[in-house]
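The values are calculated or read from the model by the stated rules, or taken from the named source; none is laboratory data. Computed from a prediction, not measured in an experiment: that's the story for all the values here. No Cβ is skipped: glycine too gets one built from the backbone with ideal geometry, and neighbour counts run over all protein chains shown. Accessible surface areas use protein heavy atoms only, side chains included; no ligands, DNA or RNA. Shrake-Rupley method; radii C 1.70, N 1.55, O 1.52, S 1.80 Å.
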Amino acid sequence: MEKKNEQKQSAANKKRSPAGKYLMPGKTANRQPAKKGKTAYNAKKPQKHVKKQPAAAAENKPREILRNDRRKTSANTAPFPTTPARAPRKSAPLKIIPLGGLDEIGKNLYLYECSNDMFIVDCGLAFPDDDMLGVDLVIPDFTYIIKNKEKLRGIVLTHGHEDHIGSLAYLLKKVNVPVYGTRLTLGLVEGKLKEHGILSECTLNVVQPRQTVKLGCMAVEFIRVNHSIPDSCGFAIYTPAGVIVHTGDFKVDYTPIEGGIIDLARFGELGNRGVLALLSESTNAERPGFTNSERKVGTTFRNFFAQAEGKRIIVATFSSNIHRIQQIIDNAEKTGRKVAVSGRSMINVLTTAIELNYVRVPKGILVDIENIRKIPPEQLVIITTGSQGEPMSALSRMASNEHRQVTITPQDLIIISANPIPGNEKLVGHVVNELMKAGATVIYEAMYDVHVSGHACQEELKMMISLTRPKFFIPIHGEYKHMYKHAELAKQLHIPEENIFIAGNGTVIETDGINMKIAGQVPAGRVLIDGLGVGDVGSVVLRDRKHLGQDGLIIIVTAVEVSTGRVLSGPDTVSRGFVYVRESEELMEEMKDKARAVLKKHLAPNTREWTSLKNELKEALSAFIFSKTGRSPMILPIIMEV
């Protein structure tokens, strides 16, 4: 009888999908069978992909938000099987093409292409360098994407920071594909698309962690990670060549302000089943140890708020750091203070976060910045932008006494809750100096624990490599020194040097599931945004702007009678940014004499060779001015025909 029961149990076990055969997103090997509505996989013949219907009130989220027609829960999501344990075999080649985010911090955009399908991970921007005079933003070059737009199946977003979503509107004006991301990420995207007037034309699909989006022959599983903005995700990318893990920006925070901790269990499951390649961020690869929890900043705030009796508190931080804004509001509530917000980006992000219930604001605590004069200063907290010393930011305007509502006084305690981004140290230092000159007490990161990073340090980066155990490793998201240091960490964890690829933007990395190689280069420059112009400012324009900024401009104007070749008026000179004319009259007259000599030598009746004449004027005046001043201003001759 016992033997007969054992046979029945054995037969029953054979009918079930074996626990070790497939691991499904959202399911571990030892959990119960899939619930109704989930796709079940048979060991021998997996069923077809089944679309998962959105849950109207999942995780206590407001119904009115989830019913939003454009930011809807994706119907193109469902569990997708990882590659089962088996001997590697060749498959259709997979191409990984970074178009931004390598050898730089910002402008993140990564392409995954296989067979006739392609999708994009992130679509960010960068802010201009000091030598990009007049430029507002820098976005990736979309040439390769536009050329292959018929292959494009969608865009997936890791989180809502500008360096990951900032150029999305510019791309969606050229291609019409669905966008997938978490609720807060797409909430921030909505605001950008509204500004560009294309929201109604775009399809935004909300995806939750452990859901998977099918994109042609590939699929992307969203995996929760911790970062300095809620709703951040990394990706497991399922391709015919194997599983790719793309971390996005992450850190390991065991006590996050909002949401759960990073899904280390899922990364470990993927590692157990086999990860072909890991693309991991490198921002803090030079920093040893672990990144501190965001709650450490909350403790510092609590201490300063308690000590600031009789003072107004002003806190400058990144507008996207919603966790920090929540802690500021919480401490304001505990100390009986009202909260005002200054700065356009801060207001926009906070409005979206409140609408989507990512920030809890007690009733009556928020006041309009226009009405702060009605509140005693010792009962007020102002949250503002400008933690990087940006010249036009709210904090910079306060420091220079140009802010319409806020005047800095000795009764102000100012907390700059951010690290200066490399290159911004001088700007931040200038703002701190000006605030102190006004008598304010200024607290900044170099002195106290008022900021923690949202990026993983060395021990967390090593943890990610150890969990996923990839065959190939590609460091991303960082300058070359960061990626190089990250590669060194991977070597310490016994990843062979020949399996580590430090690439550049535009590099085509190709793998067939067995080998990986560099297979070419695609266009991957930078496109400059100046006002409403996209790409109309290039290297030539920047060179001229730099020239004008360094040495100024000289304009030579003359009128010539064509029939006789006689000078009717001029030459007259106009100087801008070169010398102060009233104090350099003798030099200006000598320049006119030099121009007259050139005109007399080269003008003849019926002469119309104006280009060669202008060049003669430029050369003669340039040599003369340099001999007198040691400068090389831009010279612009203007000849009017009569």
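Note: the stretch 438-509, Cα convex hull, 136 Å³ per residue. Cross-linked pairs Lys251/Lys481; Lys95/Lys462; Lys107/Lys192; Lys334/Lys363: Cα-Cα separations exceed 18 Å for Lys251/Lys481; Lys95/Lys462. Shape summary of the stretch 603-642, radius of gyration then Dmax from alpha carbon positions: 12.2, 37 Å. For the stretch 467-550, the relative contact order comes to 18 percent (Cα pairs under 8 Å, sequence separation of at least 6).
Close amide H pairs (under 5 Å, H built 1.01 Å from N) link Leu215 with Val220, residues at least 5 positions away or on another chain. Loop-located trypsin sites (Lys or Arg not before Pro) in the stretch 536-642 (DSSP state other than H, G, I, E, B) with a sparse environment of at most 14 neighbouring Cβ atoms within 10 Å: Arg608, Arg631.
Its convex hull of Cα atoms gives the stretch 198-330 a direction-averaged projected area, equal to a quarter of the hull surface, of 11.8 nm².
Considering the zone a paramagnetic label at Tyr448 would reach in this model (a point 7 Å from Cα along the Cα-to-Cβ line), which residues of the stretch 405-437 have amide N under 12 Å from it? Output list for this probe position: 413-417. Debye calculation, C-alpha points only, no solvent: report log10 I(q)/I(0) for the stretch 485-564 at q = 0.24, 0.26 Å⁻¹, in the same order as the q values. Calculated log10 I(q)/I(0) at the listed q: -1.17, -1.24. Bridgeable aspartates and glutamates around Lys546 (alpha carbons under 19 Å apart, same-chain partners fewer than 8 residues away excluded): Asp129, Asp130, Asp131, Asp136, Asp530, Asp536. A simple packing score, the average count of other Cβ atoms within 10 Å per residue, orders the peptides 437-443, 219-225 as 219-225, 437-443, with the highest score first.
Among residues other than Ser396 with Cβ under 11 Å from its Cβ, the summed charge is -2 (Lys and Arg +1, Asp and Glu -1).
Projecting label points 7 angstrom from Cα along Cα→Cβ for Asn357 and Val562 puts them 7.6 nm apart. Straight-line cross-link reach from Lys601 at under 20 Å between alpha-carbon atoms covers these aspartates and glutamates, not counting any fewer than eight positions away in the same chain: Glu561, Asp572, Glu589, Glu590, Asp593, Glu609, Glu616, Glu619, Glu641.
Available extension along the chain between Ala306 and Thr409 is 35.1 nm, counting 0.36 nm per residue and deducting the alpha carbon span. Looking at the stretch 128-264, the accessible area is 29 square angstrom per residue; that uses a 1.4 Å probe and ignores ligands, DNA and RNA.
Counting Lys and Arg as +1 and Asp and Glu as -1 over every other residue whose Cβ lies under 9 Å from the Cβ of Val225, the net charge comes to 0. Counting Lys and Arg as +1 and Asp and Glu as -1 over every other residue whose Cβ lies under 10 Å from the Cβ of Lys311, the net charge comes to -2. Backbone amide hydrogens, once placed in the peptide plane, bring Ser293 within less than 5 Å of nothing, excluding anything fewer than 5 places away on its chain.
Take the Cα radius of gyration of the stretch 329-477 and divide it by 2.2 N^0.38 Å, N being the number of residues; the result is 1.27. For the stretch 409-526, the relative contact order is 18 percent, taking Cα pairs closer than 8 Å that sit 6 or more residues apart in sequence and dividing their mean separation by the residue count. Comparing Cα centroids, the stretch 454-513 and the stretch 123-198 end up 25 angstrom apart.
Residues whose amide H lies under 5 Å from that of Val275, counting only those 5 or more places away or on a different chain, are Lys471; hydrogens are built 1.01 Å from N in the peptide plane. Loop-located chymotrypsin sites (Phe, Trp or Tyr not before Pro) across the stretch 247-282 with a Cβ neighbour count of 13 or fewer within 10 Å are Tyr254, with loop assigned by DSSP. Think of a 1.4 Å ball rolled over the protein heavy atoms: the stretch 271-329 then has 34 Å² of accessible area per residue.
Once the chain from Ile555 to Leu636 is taken as fully extended at 0.36 nm per residue, the excess over their C-alpha distance is 28.7 nm.
Taking all protein chains into account, the per residue accessible area for the stretch 466-560 stands at 47 Å² (1.4 Å probe). In a fully extended conformation the segment linking Leu133 and Glu590 would gain 161.3 nm over its present Cα-Cα distance, using 0.36 nm per residue. Candidate cross-link partners of Lys311 among the aspartates and glutamates, defined by an alpha-carbon separation under 16 Å and a same-chain spacing of 8 or more, comprise Glu333, Glu378, Asp412.
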